[in-house]
1. Which residues, counting only those in region 120-138, are modelled with pLDDT under 95 and either in a strand (DSSP E or B) or not assigned by the TED database to the domain that holds T89 (or both)?
2. Residues D246, D194, D224, D208: which one is closer than 30 Å to E135 by Cβ and outside any strand (DSSP E or B)?
3. Write out, first by first residue and then by second, each pair whose Cβ atoms fall under 8 Å of each other, whose residues are 6+ apart or on separate chains, and whose first residue, in region 252-280, is among the aromatic types (F, W, Y) while the second is assigned to a strand (DSSP E or B).
4. Mind listing whichever residues of region 22-35 are among the hydrophobic types (A, V, I, L, M, F, W, C) and either surrounded by fewer than 10 Cβ atoms within 10 Å (Cβ to Cβ) or at pLDDT 80 or above (or both)?
5. Would you call S151 at pLDDT 95 or above and either in a loop (DSSP other than H, G, I, E, B) or under 23 Å from V99 (Cα atoms) (or both)?
6. Taking strands (runs of 3 or more DSSP E) that do not extend beyond region 47-116, which have at least 1 residues that are open to solvent by less than 40 Å² (accessible area, probe 1.4 Å), within 14 Å of V129 (Cα to Cα) and of a type outside the set (A, V, I, L, M)?
7. Would you say A186 is open to solvent by 20 Å² or more (accessible area, probe 1.4 Å) and farther than 30 Å from S107 by Cβ?
Amino acid sequence: MVLNAPLDREKNEQLYLVLTAVDGERASEYNITVTCSDEGVPSLSSSVTLTLQITDVNDNPPVFEKTSYEAYIVENNTPGLSIFTVKATDTDWNQNARVSYILEDSSINGVPVSSYVSISADNGVIHAVRSFDYEQIKDFQFRVKAQDGGSPPLSSNVTVKIMILDQNDNPPQVLYPVQTGGSLVAEMVPRSADVGYLVTKVVAVDVDYGQNAWLSYKLQKATDRALFEVVGLQNGEIRTIRQVTDKDAVKQRLTVIVEDNGQPSRSATVIVNVAVADSFPEVLSEFTDYTHDKEYNDNLTFYLVLALAVVSFLFITCLVVIISVKVYRWRQSRILYHSNLPVIPYYPPRYSDTLGTGTLPHVYNYEVCRTTDSRKKMHLPLIFSTSDSDKKIFSILKVTLSLNSFKFFK
């Protein structure tokens with residue numbers, strides 16, 4: 001910039017520099033050099049450099065990288081799982097450029113969105129709050145707000161859509177034939193049935209989605225595998241594959257397995273009871289006996305198990321009692337053996353002479369009590385009784401007690 005006319009010092013003229021359209025996002029400071037020169041010969045001049053610092057103003061809101069987001073998550077996830085991340089940038093400086101992420105208030109099927117997902121305020125990572133079930137909710141959306149730290153703060157919004165992916169977590173459910181516990185349902189096949197006769201059709205559904213819900217039917221077991229077969233692998237039709245004869249049993253039992261196409265596949269089994277007969281009374285008699293036999297076998301098994309449990313209980317009780325008695329006796333013997341009880345002599349009653357001779361020439365009755373220590377010696381008074389006419393003789397004998405014998409000394 002060059003002045004067209006020199007400044008008049010006497011008029012105190014000054015130079016003002018005005019900057020317009022300064023963008024702090026482009027440059028944080030400006031260096032301005034001012035040079036003054038006179039008109040003398042030679043011309044003299046001097047220069048000064050001015051540094052202009054630009055202060056940022058919060059004039060830019062945060063901007064998301066995308067206008068909308070879509071994310072996918074497999075059902076039966078772990079609560080707290082990280083789904084994905086949203087990101088917004090702010091071209092301002094410092095605090096004005098600090099972005100925080102906020103989950104806007106909304107509801108999904110009447111439930112607050114905060115019950116489904118949460119977002120980290122610092123980095124925009126979205127987490128699952130609950131475990132999702134594809135059969136209950138397939139997708140949902142919400143809005144995230146990015147707000148800067150300026151004063152006043154500026155913000156922007158973005159829509160986020162979460163898609164739930166199905167997982168093969170449900171087995172097939174058999175709708176027909178109905179499995180009842182109390183009664184027996186059977187399909188009737190006449191003995192005049194030709195090859196390809198439609199016996200019944202197994203109907204099942206799978207609440208999963210896509211290929212996880214594709215079902216196939218297979219005959220797993222049968223009373224006569226040469227008589228029946230699942231002809232329609234996808235529709236569950238059971239037909240005869242040969243002519244029914246009089247030799248075929250009335251009661252036929254088929255086990256059909258239904259599998260889905262998931263990885264890994266899940267399955268369900270269904271029992272199909274077939275009656276090969278021309279009249280209903282014949283079928284009724286056969287399956288009534290079958291039902292009674294089944295109930296009888298169930299009752300017999302119950303009582304056998306009950307009897308076995310009672311016998312086992314009595315045996316264990318007797319065994320415990322016998323062991324307890326043995327232990328008690330053994331402990332009593334040990335207590336008597338190790339105790340130091342005093343010796344209490346026993347004096348037998350006097351015996352009269354029944355022969356009338358005045359003496360006792362036959363048997364003398366006495367008792368000897370010994371201590372627990374067989375090596376100790378003790379004195380026991382032995383009393384010999386005579387008739388009243390004779391003198392009473394008292395003697396004290398030394399009795400030496402040993403472990404196996406007694407020795408008497410006069």
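1. none
2. Answer to the selection: D208.
3. Hits for this filter: F280/M188.
4. I32, V34
5. Here the answer is no, as S151 does not meet what is asked.
6. Numbers: elements: 68-74, 82-85, 99-103.
Answer list for region 47-116: 82-85.
7. yes
The values are calculated or read from the model by the stated rules, or taken from the named source; none is laboratory data. These numbers were taken from a predicted model, which means no experiment stands behind them. Reconstructed Cβ throughout: ideal geometry from the backbone, glycine too, with neighbour counts over all protein chains shown. With ligands, DNA and RNA removed, areas are computed over all heavy atoms of the protein, side chains included. Shrake-Rupley method; radii C 1.70, N 1.55, O 1.52, S 1.80 Å.
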